[in-house]
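The values are calculated or read from the model by the stated rules, or taken from the named source; none is laboratory data. What you see is a predicted model, and the numbers here were worked out from it, not measured in a lab. We place every Cβ from the backbone using ideal geometry, glycine too, and count neighbours over all the protein chains shown. All accessible areas refer to the heavy atoms of the entire protein, side chains included, with ligands and DNA or RNA removed. Shrake-Rupley method; radii C 1.70, N 1.55, O 1.52, S 1.80 Å.
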2 protein chains.
Amino acid sequence: MLMKMTGDNNITEVARRTRRRRTGAAAKKPTVADIARAAGVSTATVSRALNKPDAVSAKLRNKVARKVRELGYVPSGAARALASNRSFTIGTVIPTLNNAIFAASVDAFEETLSRHGYTLLVTVSNYDRPHEIEQVRRLLERGVDGLMLIGLDHPEEVWQMIERSACPAVAIWGHNDKPRVPCIGFDNAAAAEHAVDHLVELGHRRIGMVAGLSFGNDRARARRAGVERALAKHGLPVVPALFTEKAYSHDYGRDGLTELLSHGAPPTAIMCGNDVLAMGVMFEARDRGIAIPDDLSVVGFDNLPITSQLRPALTTIEVPSVPIGMASANAIVAYLTDGSPIQSKSFPAPFVMRATTQSVR
Amino acid sequence: MLMKMTGDNNITEVARRTRRRRTGAAAKKPTVADIARAAGVSTATVSRALNKPDAVSAKLRNKVARKVRELGYVPSGAARALASNRSFTIGTVIPTLNNAIFAASVDAFEETLSRHGYTLLVTVSNYDRPHEIEQVRRLLERGVDGLMLIGLDHPEEVWQMIERSACPAVAIWGHNDKPRVPCIGFDNAAAAEHAVDHLVELGHRRIGMVAGLSFGNDRARARRAGVERALAKHGLPVVPALFTEKAYSHDYGRDGLTELLSHGAPPTAIMCGNDVLAMGVMFEARDRGIAIPDDLSVVGFDNLPITSQLRPALTTIEVPSVPIGMASANAIVAYLTDGSPIQSKSFPAPFVMRATTQSVR
DNA sequence: TATTAGTATGTAAGCGCTTACATCGCAAGG
DNA sequence: CCTTGCGATGTAAGCGCTTACATACTAATA
């Protein structure tokens, strides 16, 4: 028996050494086994001392803690994830980081997650659907404990992968009665509708829109739909030539204004799909000598910090990006912690009246 | 022998079932073993078919691929990482996502990484040093294959952890002769110095600065140092009252101008630590009726997209954020792929002359 | 004092992969 | 026809953890 053990140990040792050479690591990093040996306890005790301290006597707990420090032990996340089936990692795929509003949400999301010991895995889709599918697949492969998606508009494959993997997910930013996953956001359409109500109240009758690109973007679509709904509600015509969709940049906003202006009966007010487009409209108007709000009323969407500094200050809609980010993180953590189901939730998106809107002359 | 095997199998089966109940998974997800069984090959062949396709005959490769599809097999990243000691994951800790310039770099970094099959793990430090240490520790625990840090100013613990873990790292954004890790960025000081040269050429003698917060921020410090160096070079005094440091917001920029203006001999030109502060200065000047550039010249730093749309358009310094992001990603991937060492690199940061600077009256 | 609960440890079986090494064929060379 | 060699597969040993279960104690109860 003793001999057998010795033999086994030798074999093990040889294997270890081989492995070591293979991976090329010079000084092997310590493992639970090393800590256990050094502290004179079992690996189970080490694991418990680290993960559920009160299941271990104070004496051993301290001894383990000391050895951990002495040897500079760093647990292996991969091994832990494999053994426990939990990675303490949440994944997200966003269209781009390069957008202040998403960034604010993701920032808040990450911070909340981090406070609960989770790490955020960020991937970017660049508004490319196949790429998005790929990114979700990778996140799932990586064994994320949860997933956060922006908006409700995602390829069917994405939903299927999420369902098959039984990975808790939350979609932010949107608002929908029957989302494929719980949805924490706000009612884009209602917010846009409300802004148009305001314009109509001011006497505007020819209202145009420079919307964001709606393909694969339910927020942009909802905002546009809200505008059209409001117009219909007030018995105003939806003139196709007064609606245009543009990508996200000041210059495209400028183009948008140029386009609407080319119509025989140009609008007296323009609702924009986001603040960047709205600013573009303002810049173009300024360069053309069109006075805002005297000649043209403009409303943005997002309430970027800079909009309050412009002159005239932009009337816009506040997007609750930080609350959304925090709420989503909390919802996922709660689900992971005690199984409380993730509830859809809608935050208010207040209308921020400033100086770019005025009664029609 | 046969009986023994049967016995073993039973034990295994019982264990499996127990485990299954423990993890609570309803329908077990398929593993390599399932694919191997279904395809009538060994697990090794499955692994090879998936990871190094040309080591396997076309026939088996296809059979495996088919079964993978049929069973909806998704490899486990954790198991793969544990067994291969590679996670195909790169970590980064940035001060905040909520900053267009970082976002642009991270975006480019992620995209490049993704193209090479790596996933980006983003964490945020919120400019908090202990928190940064914690985040680096977590990334290392997660077994990232590489690390990207912003700037050169990091707690000693961070450097030590990186060194101990032997994890390849790159610091971006800065520029230094003897960095602790390779550094891909640009020379902030030289860029700022160059801008001041320009101001001096225009005849400015009283030049102030609204700098970014320099604590724990080598970029802000370098920019300030560059300004002071330029002043000294031209034999101009560095008047402490004409230098102020402010956090990152338009309002702080406004405060900065207010502060410099309260000096008996206010500056005729102000160099700003970044564009947001510069815009704040411009907004405050506008509200005070100070004409830019007639009464005051202003220079920003970063070249945010909006700066070209302002009137007057902001003179600023272009930061090569996208090249930096791409180069860092490529450097790390190259190191991981064929061991080519990561080289420090400095990109040019061109001076963008626009309309906020003018000869002193 | 014998018995019963706990409570604190230890033992060892996996988690799902990768990969060193052993085998097995088969084609080419002697 | 028998080696030799090499590419294609299989075998099985880990990777570093977690955790169900067994065991050893201790203290309280009968």
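Top mean-square fluctuation among B:Asn274, B:Asn188, B:Asn51, Gaussian network model of chain B, C-alpha springs under 10 Å? Checking each option, the largest mean-square fluctuation is seen for B:Asn51.
For a quick check, take a GNM of chain B with Cα springs below 10 Å and name the residue from B:Ile184, B:Ile90, B:Ile133 with the largest mean-square fluctuation. Among B:Ile184, B:Ile90, B:Ile133, the largest GNM mean-square fluctuation belongs to B:Ile133.
Placing a label point 7 Å from Cα along the Cα-to-Cβ axis, A:Asp338 is separated from the same position in the other copies by 5.6 nm, shortest listed first. Count Lys and Arg as plus one, Asp and Glu as minus one, and take only other residues whose Cβ is under 14 Å from that of B:Ser344; the net charge is then +1. Give a quick list of trypsin sites (Lys or Arg not before Pro) in the range B:100-167 that DSSP marks as loop, anything other than H, G, I, E or B, with at most 15 other Cβ atoms within 10 Å. For trypsin sites (Lys or Arg not before Pro) across the range B:100-167 that sit outside H, G, I, E and B with at most 15 neighbouring Cβ atoms in 10 Å, the list is empty. With the contact rule set at Cα under 8 Å and sequence spacing of 6 or more, what percent relative contact order holds for the range A:188-318? Across the range A:188-318, relative contact order equals 25 percent. Between identical copies, the spacing of B:Gly117 label points, each set 7 Å from Cα toward the C-beta atom, reads 3.3 nm from nearest to farthest. Using a cut-off of 18 Å between Cα atoms, the listed pairs B:Lys246/B:Lys345; A:Lys52/B:Lys28; A:Lys28/A:Lys67; A:Lys178/A:Lys345; B:Lys29/B:Lys67 include B:Lys246/B:Lys345; A:Lys52/B:Lys28 as exceeding that distance.
Have a look at the DSSP beta bridges in chain B and tell me what percent are antiparallel, nearest 5. Before the final figure, lay out each step's value.
Numbers: 2 of 34 bridges.
DSSP beta bridges in chain B are roughly 5 percent antiparallel.
Would you mind working out the magnitude of the charge dipole of the range A:100-231 relative to its Cα centre, with +1 at each Lys and Arg C-beta and -1 at each Asp and Glu C-beta, to the nearest 20 Debye? Please report the intermediate quantities before stating the final value.
Values: 15 positive and 19 negative charges, 51 e Å.
That gives a dipole near 240 debye.
Counting only protein heavy atoms and a probe of 1.4 Å, the accessible surface of chain B is 54% carbon and sulfur.
Seen from a random direction on average, the alpha-carbon convex hull of the range B:149-225 projects onto 5.6 square nanometres.
Within a straight-line Cα-Cα reach of under 20 Å, A:Lys233 can be paired with the following aspartates and glutamates, leaving aside sequence neighbours fewer than 8 residues apart in one chain: A:Asp187, A:Glu193, A:Asp197, A:Glu201. Solvent exposure of the protein assembly as shown, expressed per residue, is 45 Å² of accessible area, with all protein chains present and a 1.4 angstrom probe.
Provide a whole-number value for the mean count of partner chain Cβ atoms within 10 Å of the Cβ atoms in peptide A:117-123. Working shown, then result.
Numbers: counts 1, 1, 9, 5, 8, 11, 8.
Mean partner-chain Cβ count within 10 Å for A:117-123: 6.
If R0 is 60 Å, the Cβ-Cβ spacing of A:Lys52 and B:Lys59 corresponds to a FRET efficiency of close to 0.75. Each semi-axis of the equivalent ellipsoid for the protein assembly as shown is √(5λ) with λ an eigenvalue of the Cα gyration tensor; in descending order they amount to 52, 35, 21 Å.
Of the Cα atoms belonging to chain B, the radius of gyration and Dmax stand at 28.0, 102 Å. In this structure A:Ser57 has an accessible area near 60 Å², from a 1.4 Å probe over the protein heavy atoms. Just so you know, the Rg over Rh for the range B:133-189 is 0.97, from Cα atoms, with Rh as the Kirkwood radius.
Given a cut-off of under 8 Å on Cα pairs at least six residues apart, what relative contact order in percent is computed for the range A:164-223? Could the numbers behind the result be given before it?
Values: 52 pairs, mean separation 16.5, N = 60.
Normalised by residue count, the contact order of the range A:164-223 is 27 percent.
Label-point distances for B:Ala83 to the equivalent site in the other copies, using a point 7 angstrom along Cα→C-beta, read 1.9 nm when ranked shortest first.
When the trypsin sites (Lys or Arg not before Pro) in the range A:23-88 are filtered for DSSP coil states and for at most 10 other beta-carbon atoms within 10 Å of their beta-carbon, no site remains.
Could you check which residue among A:Met326, A:Met161, A:Met271 shows the biggest mean-square fluctuation in a GNM of chain A with a 10 Å Cα cutoff? Ranking A:Met326, A:Met161, A:Met271 by mean-square fluctuation puts A:Met161 first.
How big is D, in µm² s⁻¹, for the range B:235-361 by Stokes-Einstein at 4 °C and 1.567 mPa s if Rh is the Kirkwood radius over C-alpha pairs? Before the final figure, lay out the partial values.
Numbers: Rh = 16.2 Å.
Result for D is 80 µm²/s.
Our summary gives chain A a relative contact order of 15 percent, counting only alpha carbon pairs under 8 angstrom and 6 or more residues apart. Helices assigned as whole DSSP H runs in chain B whose Cα atoms extend at least 24 Å along their own long axis and whose mean Kyte-Doolittle hydropathy is -0.5 or higher are found at B:321-338. Beta bridges assigned by DSSP with both partners in the protein assembly as shown are antiparallel in approximately 5 percent of cases.
Rounded to the nearest 0.05, what FRET efficiency is calculated for A:Tyr127 and B:His116 with R0 set to 22 Å and r the Cβ-Cβ distance? Please report the intermediate quantities before stating the final value.
Working: r = 21 Å, r/R0 = 0.94.
E(calc), rounded to 0.05, equals 0.60.
When B and A come together, around 4300 square angstrom of accessible surface is lost from both chains combined, probe 1.4 Å.
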